[in-house]
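Heads up, the thing below is written out as structure tokens.
The values are calculated or read from the model by the stated rules, or taken from the named source; none is laboratory data. In this text the structure is predicted, and so the values were computed from the model without any measurement. All Cβ positions, even for glycine, are placed from backbone atoms using ideal geometry, and neighbour counts span all protein chains on display.
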Amino acid sequence: MASLSNKNIVVIGGSRGVGQATVRALLAEGARVLAVARGTQDLARLAGELPAVTTLALDAADENAPARVFAALAPDVLVVAGGAKRTGAPLHELAWKDFSAVWDTDVKASFLFCKAALRQPLPPGTTVILVSSGAGLGGSPISGGYAGAKRMQMFMANYAQKESDRLKLGLRFLALVPQTPMPDTAGGKAAVAAYAKYLAIAPEEFVARLGTPQTAQDVARAIVAFASQPNARSGNVFIVSAKGIEAAP
């Protein structure tokens, strides 16, 4: 694996879950890391634990977010890992604002940063990684618009890559798809609890049905691998499981 020393890497959603695991993994590989998140307290806690990290508090779904992020650190690699919580309720129990929330966060942030990468454009060789979800492949009946939003991130990586190729910009766009919920993260625990309640089973039984779920660290290692060697695999969408990385069908 190529070294990440002297690489500038931005992690959107870097204060919690997969984003935080990614920040830790990237720092361990010698990268210069900017962690971006909305929560100032979470960022302060992260900076206290990891003095080498730089932090920036903002809403990644704000129209001005890309300009502010790129001014703080010009990225060689940009990771979009933040987003809204899934709802945990079936369709008929949701209000529209709950159903659509993930589109106004995860999808909008991915759209804004992919658009900015293409429009600015970022320098040739820059890699943009969108962290999606296996819900976007198999559906998720109690997650409202979450599954569709996560599928859109996969489409977006493909669309953005086609535009980079058409315009000869030399950018690399990828979507990584964690295969199952991750019980080692707060979001994963909430998903496990919601599905267990929906299915009227114990949370432990639901986790057992997942088999061996990938962890946040598994996803972080996949991000490190693509940040180090972005062109080692062809394609734009990759599933991350406990077994490793494979191209999505």
Is there a residue in the range 182-196 that is under 18 Å from Gly82 (Cβ atoms), of a type in the set (Ser, Thr, Tyr) and at pLDDT below 95? yes
Got at least one residue in the range 206-214 being under 19 Å from Thr22 (Cβ atoms), touching an Asp or Glu at 6+ places or on another chain (Cβ under 6 Å) and buried (at least 23 other Cβ atoms within 10 Å of the Cβ)? no
Search result, residues across the range 81-103 that are more than 24 Å from the chain's Cα centre (by Cα) and either closer than 23 Å to Cys114 by Cβ or buried (at least 17 other Cβ atoms within 10 Å of the Cβ) (or both): Leu94
Every residue from the range 23-57 that is touching a Gly at 6+ places or on another chain (Cβ under 7 Å) and either among the hydroxyl-bearing types (Ser, Thr, Tyr) or assigned to a loop (DSSP other than H, G, I, E, B) (or both): none
In the set Val69, Val102, Val77, which member is within 26 Å of Ser140 (Cα to Cα), of a type in the set (Val, Ile, Thr) and in contact (Cβ under 8 Å) with a residue 40 or more places away in the chain? Val102
Going through (1) in a helix (DSSP H, G or I); (2) farther than 27 Å from Phe155 by Cα one by one, Pro66 fails only at (2)
Within the range 223-242, the count of residues that are in a loop (DSSP other than H, G, I, E, B) and crowded, with 21+ Cβ neighbours inside 10 Å comes to 1
Return yes when Val69 is within 25 Å of Gln214 (Cα to Cα) and either surrounded by 15 or more Cβ atoms within 10 Å (Cβ to Cβ) or within 15 Å of the chain's Cα centre (by Cα) (or both) and no when it is not. no
Sole miss for Tyr159 among (1) under 26 Å from Arg16 (Cα atoms); (2) over 13 Å from the mean Cα position of the chain (by Cα); (3) among the aromatic types (Phe, Trp, Tyr) is condition (1)
(1) basic (Lys, Arg); (2) in a helix (DSSP H, G or I); (3) touching a helix residue (DSSP H, G or I) at 6+ places or on another chain (Cβ under 9 Å): which one isn't true of Arg86, the others all being true? (2)
Taking the range 206-222 as the search range and keeping residues that are part of a helix (DSSP H, G or I) and among the β-branched types (Val, Ile, Thr), which one is farthest from Ala25 (Cα to Cα)? Val207
